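Computed from the coordinates by the stated procedures, all read-outs in this text should not be read as laboratory data. Just so it is clear, the structure is predicted and the values come from calculations on it, not from any experiment. In this analysis, Cβ positions are derived from the backbone assuming ideal geometry, glycine residues included, and neighbour counts consider all displayed protein chains.
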Amino acid sequence: MNALRISPLYTSLDWQALDSTNSRDWPKAADIIRDRLEGRFLRFASNWLKKDKNSGFVVLAIDCLVAETIQQFKDGVTNGHGRSREMIKRLLAGTRFQPDFNAKARERFYDDIRCGLLHQAEAKRMWLIRRKQPALLQKTADGKGYIIDVERFHASLQDSLNDYLKLIPEPTSSSARSNLWKKMNQICTARTARGALYEAEGNTASSQ
C-alpha cells in the first residue's frame, strides 16, 4: 500500500479513512495530530527537560518548531514559506503565553530565540534561558534583555496544544476543523505519493 507514517502510531491511510462529515471521526483526528506532535517531538523535549539540566536550548529549539506547526494547523497553512514570523507571533499572542509575551517580546523572541536557536544554535542578544523562575518571561535587571523559563514555556506550549485539540471534536469548531483537514490532507497527499516510490519496511509503514 502507498502509505508512510504521519506519526508513530498512524499512517496516511489512517487519516484518509476518516470522514470529515462524521462527528465520530473527529476525536480520532485530534488523536492523530496529538500523536504526530507529541510522539515525534514534545515527549522527547519533556523527557530531556526532566533528565538533563543542560537541555534548555534543545527543548526550546523543539518547542519553536512545534509552536510554528501548531499555528499552521490552526490557520490551515499548507505552505509556510516566508510565514514563520507570523506563525510564531500569532501563537505567542494566545492566552497561554499572556500577559508575559507582549508585542515587543513576541518580535524579539522570533528573532533572538526561534531564529537564533534554529539557524545559529544560540540565543541571540541579551536572552537568558533559565528554570524555576517566578514568571514565564521577565526583563533582565538592566531592562535590556529577557529571562525565559524553559519549563514554563514548554508547559504553556503543551497547554496550548491541548486547548486546540479539545476544540476539534466540538461540532461548533467548524473553522478549526476545516483548517486542520486542509493541512492534514496536504501532508497525507505528500506521504501517499512518497509511499508509491519507497517501499515500506517489512510489514510496517516507513517512518519517513
Report the residue count in segment 167-194 for those that are under 26 Å from R114 (Cβ atoms), surrounded by fewer than 18 Cβ atoms within 10 Å (Cβ to Cβ) and among the basic types (K, R).
1
Looking at segment 10-27, which of the residues that are part of a helix (DSSP H, G or I) and surrounded by fewer than 17 Cβ atoms within 10 Å (Cβ to Cβ) is nearest to the chain's Cα centre (by Cα)?
P27
Among the residues of segment 31-53, is any part of a loop (DSSP other than H, G, I, E, B), surrounded by 14 or more Cβ atoms within 10 Å (Cβ to Cβ) and small (G, A, S)?
no
Total residues in segment 168-177, condition farther than 14 Å from Q71 by Cα and either hydroxyl-bearing (S, T, Y) or part of a helix (DSSP H, G or I) (or both)
3
How many of the residues making up segment 147-184 are of a type in the set (S, T, N, Q) and more than 13 Å from the chain's Cα centre (by Cα)?
6
